[in-house]
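So the structure is just underneath, and the comments pick up after that.
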Amino acid sequence: MIKVDYLTRGRVAVVAFQSPPVNSLGFTLRQGLLAALERAEQDTAIDSVVLMGSNTTFSAGADIREFGSAEMLRGPSLATLNTCLEGMSKPVVAAIEGMALGGGLELALSCHHRVALASAKIGLPEVKLGLLPGAGGTQRLPRLIGIEAAINVMLAGEPLAVGLFAKSSLFDQVVEADLLAAASSVAEASAAAVKSGKPLPQARDLKVREPDLQALCQFARNTAKTALKEYPAPLAIIDAVQFGVEKSFDAGLLEERRLFEQLMNSPVSKALRHVFFAERAASRIDGLPADTKPREIRQVAVIGAGTMGTGITINFLNAGISVRLLEVGKEVLDRGVARIREVYEGQLKKGKLDAAKLAARMDLLQPVLEYPAIADVDLVIEAVFEEMSVKEKVFRTLDATIKRGAILATNTSTLDVDQIAAFTARPQDVIGLHFFSPANVMRLLEVVRGAKTAPDVLATAMMLAKKIKKTAVVSGVCDGFIGNRMIHRYSAQAMQMVDEGASPEQVDRAVEKFGFAMGPFRMGDLAGNDIGWLIRKRKYAEGSLVERQVIADKICELGRFGQKTGAGWYDYKKGDRTAYPSPVVAGVIDEARKAAGRPLRKLDDREIVDRLVYALVNEGARILEEKIAQRTSDIDVVYLMGYGFPVWRGGPIHYAESQTLYEVARRMRAFAALPGADAEFWQPAALIDKLAAEVRSFNGGAA
Ligand code: 3HC
Ligand code: NAI
C-alpha cells in the first residue's frame, strides 16, 4: 500500500513513506510527500522534519513503470517536489537506510541534511536505463562530493556503500544503529541554528572548485566514448554537469531537464527499460499455483565432469552449495577436478579470489565414481555425452538409486526432455536445466519444462537460478529450446548468404557493426564448429535434415573446428585469438559455389543484418505461437544473455517492434523473392502478419 505517515517526535515531524516493494516515487507517493511537507511547513507544533522510508529502505527512485505514461507527467513532478523540499523554511533531514537510488537519492540530496545507516547504499543508476539523473542529481551531487567523484558515481550507476562518502558533505552523520534518533538530533540542532539566524544549508549554494573543468570533462567524455560508444546517456551526464558548473545551478537544472526528456524518448533508453522489466518478468512462471513451495536443495550431484559438468559445478560451489561430481573413470574425474581448481587458481592470480575462499570452495567438492555415493542428494544435474542411449542409461540408474523427491535435471541441448523423463518412473521430478558454455560465466539458464514436470520442481529451478546468479527463462520442449532453435535459423541464413556471394568476414563484420558481440562465423570458431557438425550428422542420418551444409561440413572434415584447433572459418596464430581471413576457407567456398553453379551477387550490410535478425524474429514468433516461450520478452532475454545480442537494441523482438512488424513482414517477403531464396523460410509467421495487420505489438499494445 502506498502511504505517507506524519508522526511527531517532540518538535520533529517524522514523514515516513512507503510504496512497496522499493518505494518508487510514483504519482501517488509524490503527491502524498508534497502534502506532508506542506503540512509540516504550516505546523506550529514542529520545527524540523525527518524524511524516511517506513519499510527498511529509502527509495529506489522514480517509478520506472510510469515512464512514457500520463502518470509521469502528473504534478508534482520529482523536480518540483525537490525544489519545494529545498525551499522549506524548516530543516528537513533525510534518514537513509536500505537503498537511496536514482530519484530516491535526488530526493535526499534536496534535503538540508542527510543521515545514513552504515549498511545503506546510494547510487544514481539512471545511466543503466539510458537516462541521466533528472531531478537535480547532476547539479547537487557535484556540489556535495566534487565534480570528478560525482561523474564517476553517475557513469558507474552502481549502488555504493555510504561509508565511501562519510568524509564528504553528503552526510552529516553515518551511524551503525538508531537512525531515527540520530536524524532527529540533527534536525533539532539544525532547527536551533535556524532560530539563531543561520541559513539552512542547501546543496545549490555550495561552491565547486575545479582548476581545469574543461580538461576533466573532456577526459571523461573520451573514456565514455570508448567504453560506451552506443550509449548517449554518459555524454549527456557530463554535459549537464559541465553546463551547471560553468553557468549556474538553475541553468544546470534546466539543461538537465532538457537532456532527460531527450534521452527518455531515445531508442536506447526505451530498449534498456524494456530489458530491465524483461529480466524481472523472466523469473515469473505462468500458471503456477500461488501456494507452490520450492523444494529444499542442500546437496547437489553433477554427472559428467566434462566442459559443462565442471562449469555447472563451479556455479554451485560459488554459492556455497556442496557438489558431488560423478564420472565413469578416475582419470577423467581427476581431470575435471583439476579443471575446476584451475578456474579458481586463475581467479586467485587475478586477485578475484583469496586463498581461503579457494580452499573453502574446493572443500565443498566431492569427486565420486559410484551412484550409491549420490543417492541422498536433492538435485542431480546430468551433463554426459549428447546421445540418447547414454542419457537413457544414466536416467534409468538415477531412477533406481536416487532418493524419492529429488529433482533429476538434464543439461541436454538438443534431446527430447520428455523422452528422457520417460526413462524414469518419476517424470514429474525431471526437468531440463540448459546451461550455456562456459557454464560458470554465462548468465543465461533455460529451464526446460517437460510435459509432466511438477510445479514445485519448476519453482525450485527458478529459485536455484537466483541463488547461483543466473537469469532463468522457462522454455517448453522442442528441438533446441528457445535459444538454439532460433540460432539454428540464424546460422542457416549466414551460410545461405555465403552461398550467395558474401564472405564469412563480411557477414561477421556487418552484424558486429550492428552491435552483436561476435558474428556467426567467429562465434562458431569460439564454440567449436564440431558441435554443430555432430548434430547435423545425426540429423542427416535420421533424415530430419535433408539439405546438406556443404561448406560447413567441408570445413569440419578438414579438422577446422575453430580456435581450439587453431583453424576454423578463420586462421589463428598460437596464443592469439585474432581471426585472420583464411585462404583455405576461401578455396572451399569457391569450390562449393562453382559446384552449385549459381550466379553470385553482392550483398550489402543492411541486407545481411536484416536477414540474420529477421530469421531470429520469424522463428521467435513461431516459438510464441507454439507457446514454447511464455512471453515475448523472454525471447529477448535469451538472446541478450546467451547470444550477445546488443543490449542497447533491447533484443530481437523489441528491435523488430521498433522497426514495426509491418516493415518486418514486408522485408521478409522481399527476401523470399530473391533468386534461389527459400520461400518457406521467409514466409512470415502467422502471428507477425496478424499483428502487423492489426497494427499491434507482440505484447498486445498498439504498435
Ligand atoms: N520503479 C518501479 N519498479 C521498480 C523500481 C523502480 N525504480 N525498482 C525496482 N522495481 C520493481 C521491480 O520491477 C520488481 O518488480 P516485480 O517484483 O514486479 O518484478 C521489484 O521492484 C523488485 O525489484 P528487483 O527484483 O530488482 O529486486 P532486488 O532486490 O533484486 O533489487 C533494486 C532492488 C536494487 C532497487 C533494483 O530493483 C533496481 O536497481 N531498481 C532500479 C533502480 C533505478 O534504476 N532507479 C532509478 C530510476 S530512474 C530515476 O530515478 C529518474 C530520476 O532521476 C528522475
Ligand atoms: P563433454 O564431452 O565435455 O563431457 C561429457 C562428460 O561426460 C565426459 O567427461 C564423459 O566422461 C562423461 N560421461 C559420459 N558418459 C557418462 C556416464 N554414463 N556417467 C558419467 N559420466 C559420463 O561434453 P559437454 O560439452 O560437457 O556436454 C555435456 C552435455 O551438455 C551434453 O548433453 C551437451 O549437449 C550439453 N551442453 C553442451 C554445451 C557445450 O557448449 N558444450 C552447451 C550446453 C549444453
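Couple of notes before you dig in:
- Hits in region 87-143 - residues which are open to solvent by 10 Å² or more (accessible area, probe 1.4 Å), among the charged types (D, E, K, R) and near ligand 1 (Cβ under 9 Å from one of its atoms): LYS121, GLU126, LYS128
- Count of region 82-107 residues which are outside any strand (DSSP E or B), within 28 Å of the chain's Cα centre (by Cα) and not charged (D, E, K, R): 6
- Within region 316-337, the set of residues being in contact with a helix residue (DSSP H, G or I) (Cβ under 7 Å, 6 or more places away or on another chain), within 16 Å of ligand 2 (Cβ to nearest atom) and part of a loop (DSSP other than H, G, I, E, B) comprises GLU327 only.
- Screening GLU256 against (1) open to solvent by less than 30 Å² (accessible area, probe 1.4 Å); (2) among the charged types (D, E, K, R); (3) outside any helix (DSSP H, G or I) leaves a single unmet condition, (3).
- Residues satisfying the stated conditions in region 651-698, i.e. under 24 Å from ALA282 (Cα atoms) and in a loop (DSSP other than H, G, I, E, B): GLY651, THR660, ALA685, SER697, PHE698
- Residue within region 46-65 that is within 14 Å of ligand 1 (Cβ to nearest atom), β-branched (Val, Ile, Thr) and outside any loop (DSSP other than H, G, I, E, B) present: yes
- Condition met for LEU333 (away from ligand 1 (no atom under 16 Å from the Cβ), within 28 Å of ILE487 (Cβ to Cβ) and hydrophobic (A, V, I, L, M, F, W, C)): no
- All positions within region 466-500 that are closer than 30 Å to VAL588 by Cβ, open to solvent by less than 10 Å² (accessible area, probe 1.4 Å) and in a loop (DSSP other than H, G, I, E, B): GLY480
- Of all residues in region 647-668, exactly one satisfies the criterion of being aromatic (Phe, Trp, Tyr) and in contact with a Phe, Trp or Tyr (Cβ under 7 Å, 6 or more places away or on another chain), namely TRP648.
- Region 390-422, residues that are open to solvent by less than 10 Å² (accessible area, probe 1.4 Å), closer than 18 Å to ARG295 by Cβ and more than 8 Å from ligand 2 (Cβ to nearest atom): LEU398, ILE402, ALA406, ILE407, LEU408, ALA409, ALA421
- Looking across region 640-684, just one residue is touching a Ser or Thr at 6+ places or on another chain (Cβ under 6 Å) and among the β-branched types (Val, Ile, Thr), and that is ILE653.
- Criterion: over 29 Å from ASP479 (Cα atoms), away from ligand 2 (no atom under 16 Å from the Cβ), touching a helix residue (DSSP H, G or I) at 6+ places or on another chain (Cβ under 8 Å) and not β-branched (Val, Ile, Thr) - qualifying residue of ASP376, ASP363, ASP354: ASP354
- Test: residue in region 238-253 that is within 21 Å of the chain's Cα centre (by Cα), buried (at least 21 other Cβ atoms within 10 Å of the Cβ) and at pLDDT 95 or above: no
The values are calculated or read from the model by the stated rules, or taken from the named source; none is laboratory data. Please read these numbers as outputs of a predicted model, since none were measured by experiment. As a convention, Cβ positions derive from the backbone with ideal geometry for all residues, glycine included, and neighbour counts pool all protein chains shown. Remember, those area values only see protein heavy atoms, side chains included, never the ligands or the DNA or RNA. Shrake-Rupley method; radii C 1.70, N 1.55, O 1.52, S 1.80 Å.
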